[in-house]
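Colleague: My structure is below; once you've seen it, I'll send some questions.
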Amino acid sequence: MTTPRLRIRGLKKSFGPKAVLTGIDLDIEQGTSMVIIGGSGSGKSVLLRCILGLVLPDEGIIEIDGEDVLRARPQRQEELRRRIGMLFQNAALFDSMSVIDNLLFGLRAKSSLHPRRDKEKLQQAAFRLLAQVGLDDSVAALNPSELSGGMQKRVGLARAIAGRPDILFFDEPTTGLDPIMSAIIDGLIVNCVKKLGSTAIAITHDMASAQRIGTQAAMLYEGKLIWKGAAQDLLHSGNEIVDQFTHGRREGPIHIEAAPTL
Ligand SMILES: Nc1ncnc2c1ncn2[C@@H]1O[C@H](COP(=O)(O)OP(=O)(O)OP(=O)(O)O)[C@@H](O)[C@H]1O
Ligand SMILES: [Mg+2]
């Protein structure tokens, strides 16, 4: 048996009295693109943030290539997490910086190049990243607020792949985009993952995207991953909860707080 690229066991996280993750177990083999679905507020972003080290879990194990991240020395934790690139929900670009400076920021954080001595190389790498996501040099000097939603996602993707990470996270990469732009961004994501040979986790509410990006899929519900399977089975999983969610049915086992009755 091979060691999974990512292995998670018994991961728990509460905020005050609110238990968000109550025991996540997940193996992601190298080269897999895992799609995670689940209701708003179910803890999908918190799960990614725990793996990234932005949220400290209460309990559990996170391993990258068999190495226990949470129990590693701080410097080693940093090294392991540098292998992860993330496209944040809402792209999360710095609005006070130009597009190219956003990319340079990502590159400085991830690559071994020296910020001053290798300035020229970093600049070239930043422009290469722009081209990789289908943007031309004319957007380099713009601020993210001057870009359309689709362009912002492209810049977010370019920043995520800076430093050629072998693990990529995408948090709702197509939310807010029209169906055609969603398909284009999904295509870029699939290309980037393939080119880098990365292992990916993508969170999405869009079933078309889920099937384009994912090879595997899992559903987060009431703090646990209650179903895992092939992404192509999402719409006919045979699991009542997954079926209700993926078909958007109001009636079913999923408990929705304060759902108004019309
Ligand atoms: N830093 C925090 N402090 C307190 N509560 C938090 C924090 N981060 C997340 N939460 C809570 O954890 C729960 C899960 O949040 P999370 O952002 O992971 O949801 P999500 O599944 O990503 O939802 P969405 O699909 O809307 O993005 C929410 O109730 C949220 O309010
Ligand atoms: Mg979220």
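The values are calculated or read from the model by the stated rules, or taken from the named source; none is laboratory data. For clarity, every value in this text was computed on a predicted model and none was experimentally measured. When we count neighbours, we look across all protein chains shown, and the Cβ atoms used for this are built from the backbone with ideal geometry, even at glycine. Accessible surface areas use protein heavy atoms only, side chains included; no ligands, DNA or RNA. Shrake-Rupley method; radii C 1.70, N 1.55, O 1.52, S 1.80 Å.
Colleague: Regarding Val55, is this residue over 30 Å from Asp243 (Cα atoms), within 16 Å of ligand 1 (Cβ to nearest atom) and open to solvent by less than 30 Å² (accessible area, probe 1.4 Å)?
Modeller: Judged against the criteria, Val55 is a match.
Colleague: Given (1) farther than 22 Å from Val55 by Cβ; (2) surrounded by fewer than 16 Cβ atoms within 10 Å (Cβ to Cβ); (3) touching a residue at least 40 places away in the same chain (Cβ under 8 Å); (4) not small (Gly, Ala, Ser), where does Phe94 come up short, assuming only one miss?
Modeller: Here Phe94 meets the rest and fails (1).
Colleague: Only one of Ala218, Ala202, Ala230, Ala183 is away from ligand 1 (no atom under 16 Å from the Cβ) and under 24 Å from Asp25 (Cβ atoms). Can you tell me which?
Modeller: On inspection, the qualifying residue turns out to be Ala230.
Colleague: Let me ask something else. Checking the conditions here, which among Gly31, Gly39 is more than 16 Å from ligand 1 (Cβ to nearest atom) and in contact (Cβ under 8 Å) with a residue 40 or more places away in the chain?
Modeller: The conditions single out Gly31.
Colleague: Run down Glu120, Glu146 and say which single residue is of a type outside the set (A, V, I, L, M, F, W, C) and either open to solvent by less than 10 Å² (accessible area, probe 1.4 Å) or closer than 24 Å to Asp178 by Cβ (or both).
Modeller: From the options Glu120, Glu146, the qualifying one is Glu146.
Colleague: For the range 1-50, give me every one of the strands (runs of 3 or more DSSP E) that falls completely inside it and has 2 or more residues that are closer than 14 Å to Ala218 by Cβ, touching a strand residue (DSSP E or B) at 6+ places or on another chain (Cβ under 7 Å) and open to solvent by 20 Å² or more (accessible area, probe 1.4 Å). Steps first, please.
Modeller: On the way: elements: 6-15, 18-28, 33-37.
Qualifying strands (runs of 3 or more DSSP E): 18-28.
Colleague: Does Gly187 satisfy the condition of being within 20 Å of Gly134 (Cβ to Cβ) and over 11 Å from the mean Cα position of the chain (by Cα)?
Modeller: On the way: within 20 Å of Gly134 (Cβ to Cβ): yes; over 11 Å from the mean Cα position of the chain (by Cα): yes.
Answer is yes for this residue.
Colleague: Condition test on Leu21, is it closer than 19 Å to Thr204 by Cα, in contact with a Leu (Cβ under 6 Å, 6 or more places away or on another chain), within 16 Å of ligand 2 (Cβ to nearest atom) and at pLDDT 95 or above?
Modeller: yes
Colleague: Which condition number does Leu104 fail, the rest of (1) open to solvent by 40 Å² or more (accessible area, probe 1.4 Å); (2) more than 16 Å from ligand 1 (Cβ to nearest atom); (3) assigned to a helix (DSSP H, G or I) being met?
Modeller: The failed condition is (1).
Colleague: Touching a residue at least 24 places away in the same chain (Cβ under 8 Å), closer than 29 Å to Ile241 by Cβ, out of contact with any helix residue (DSSP H, G or I) (no Cβ under 8 Å at 6 or more places or on another chain) and open to solvent by 20 Å² or more (accessible area, probe 1.4 Å): does that describe Ile61?
Modeller: Values: touching a residue at least 24 places away in the same chain (Cβ under 8 Å): yes; closer than 29 Å to Ile241 by Cβ: yes; out of contact with any helix residue (DSSP H, G or I) (no Cβ under 8 Å at 6 or more places or on another chain): yes; open to solvent by 20 Å² or more (accessible area, probe 1.4 Å): yes.
Yes: the conditions hold for Ile61.
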